[in-house]
Amino acid sequence: MEVFDLSTKNYFVDYTIIASSLGSRHTIALLDHLKRGLKPEENFNNVDESGDWIVIDLGDVLIHIMTPEYRVKYDMEKFLSSLADGREGDVL
């Protein structure tokens, strides 16, 4: 799991979290766990889900839960690391 602090950057959320699941069923199980655990404290503004990639919008925090294959395929860490380090143009 990686957490990116983007609070001082020109991005639409303050924090982005990327976590890996063990597979499609595990991805959905993790979403269910987060809904049970966070629901009393957080509002889920939006949840986009498929078996391989789920995005949870909590307002200032965006959580991505991805299968290992999707995490490698989309390599969001590269983009978010560049953004967090102030190197936005390096990945565009």
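The values are calculated or read from the model by the stated rules, or taken from the named source; none is laboratory data. On a predicted model such as this, the values are computed, not experimentally measured, just so you know. Note that we place each Cβ from the backbone using ideal geometry, even for glycine, and neighbour counts take in every protein chain shown.
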Q) Among the listed residues 30, 22, 62, which satisfies the condition of being surrounded by 11 or more Cβ atoms within 10 Å (Cβ to Cβ), in a helix (DSSP H, G or I) and either within 14 Å of the chain's Cα centre (by Cα) or of a type in the set (A, V, I, L, M) (or both)? A) 30
Q: Only residues that are exposed (fewer than 14 other Cβ atoms within 10 Å of the Cβ) and not in a loop (DSSP other than H, G, I, E, B): list them for region 4-19, please.
A: 5
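Can you pull out every residue in region 32-52 that is under 18 Å from residue 70 (Cβ atoms) and modelled with pLDDT under 90?
Across region 32-52, the qualifying residues are 34, 47, 49, 50, 51.
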Q. Say we look at region 33-59 and pick out the residues that are surrounded by fewer than 14 Cβ atoms within 10 Å (Cβ to Cβ) and acidic (Asp, Glu); which of these is farthest from the chain's Cα centre (by Cα)?
A. 41
